[in-house]
Amino acid sequence: MRSLALIVGISSVVPVAACDSLFDFGDPSNFVPNCAGGTAAVAGTWRIEGQGERTSCSDDALDTERLLLSSDPLRLVQNGTDVKLGPDLDGFELRNGRVTGRCLRFDTVETFGGFTIEYRFEAQLDSDGVLRGTFRGDGPGSCRSEGEFEAIPADPG
């Protein structure tokens, strides 16, 4: 089972409003998290949901303005400011997980069917316990992606 499954939907019947940001950040490159205020506790199980665009693909059929991200539950283990994935998942890695104040930065690498997709996530833990932020990605092949995401606790407690 893949941990970070890509779902790409392109439809001419989707109203333009449906392509607006789900998370109200506007241009993802303008997202500047406010990391001040303690150390975020991110240990636990999370689900990632996000949207963005994928461009610069050598195969034009992979380019889309409506890239949707969704994950299976991901269990994070936190030791101080270091964050790791536990347990390991086949074909999926979490790298460079680091908490800085209320912010979490991490990279993922997913390999499937001979393709590799790498994402860099940056988020802020909001007062409602949800991580909100932006992602940038490389792959498959020459594709580049960017967008915004939320990570929602899958085991609220």
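Among residues of region 64-89 that are in contact (Cβ under 8 Å) with a residue 24 or more places away in the chain, those with a Cβ under 7 angstrom from a residue that is in a strand (DSSP E or B) and of a type in the set (K, R), sequence gap 6+ or separate chain, pair up as T64/R54; L67/R54; S71/R47; P73/R47; V77/K84; T81/R98; V83/R98. Scanning region 74-93 for residues that are within 15 Å of A123 (Cα to Cα) and touching a Leu at 6+ places or on another chain (Cβ under 6 Å) yields one hit, V83. Scanning region 108-125 for residues that are loosely packed, with under 15 Cβ neighbours inside 10 Å and touching a strand residue (DSSP E or B) at 6+ places or on another chain (Cβ under 7 Å) yields one hit, T116.
In region 88-107, of all residues being buried (at least 16 other Cβ atoms within 10 Å of the Cβ) and more than 16 Å from the chain's Cα centre (by Cα), the one that is nearest to F149 (Cα to Cα) corresponds to R102.
How many residues does region 43-54 contain that are buried (at least 21 other Cβ atoms within 10 Å of the Cβ) and either among the aliphatic types (A, V, I, L, M) or at pLDDT below 95 (or both)? Counting residues in region 43-54 that are buried (at least 21 other Cβ atoms within 10 Å of the Cβ) and either among the aliphatic types (A, V, I, L, M) or at pLDDT below 95 (or both) gives 1. Screening region 76-85 for residues that are surrounded by fewer than 13 Cβ atoms within 10 Å (Cβ to Cβ) and not charged (D, E, K, R) and picking the one that is nearest to A43 (Cα to Cα) gives N79. L69 meets all of the listed conditions (1) surrounded by 15 or more Cβ atoms within 10 Å (Cβ to Cβ); (2) modelled with pLDDT of 95 or more; (3) touching an Asp or Glu at 6+ places or on another chain (Cβ under 8 Å); (4) not aromatic (F, W, Y) but one, namely (2). Out of curiosity, is S142 small (G, A, S), surrounded by fewer than 16 Cβ atoms within 10 Å (Cβ to Cβ) and part of a strand (DSSP E or B)? It is false that S142 is small (G, A, S), surrounded by fewer than 16 Cβ atoms within 10 Å (Cβ to Cβ) and part of a strand (DSSP E or B).
The values are calculated or read from the model by the stated rules, or taken from the named source; none is laboratory data. Computed from a prediction, not measured in an experiment: that's the story for all the values here. Using ideal geometry, Cβ is built from the backbone for each residue, glycine included, and neighbour counts are taken over all protein chains shown.
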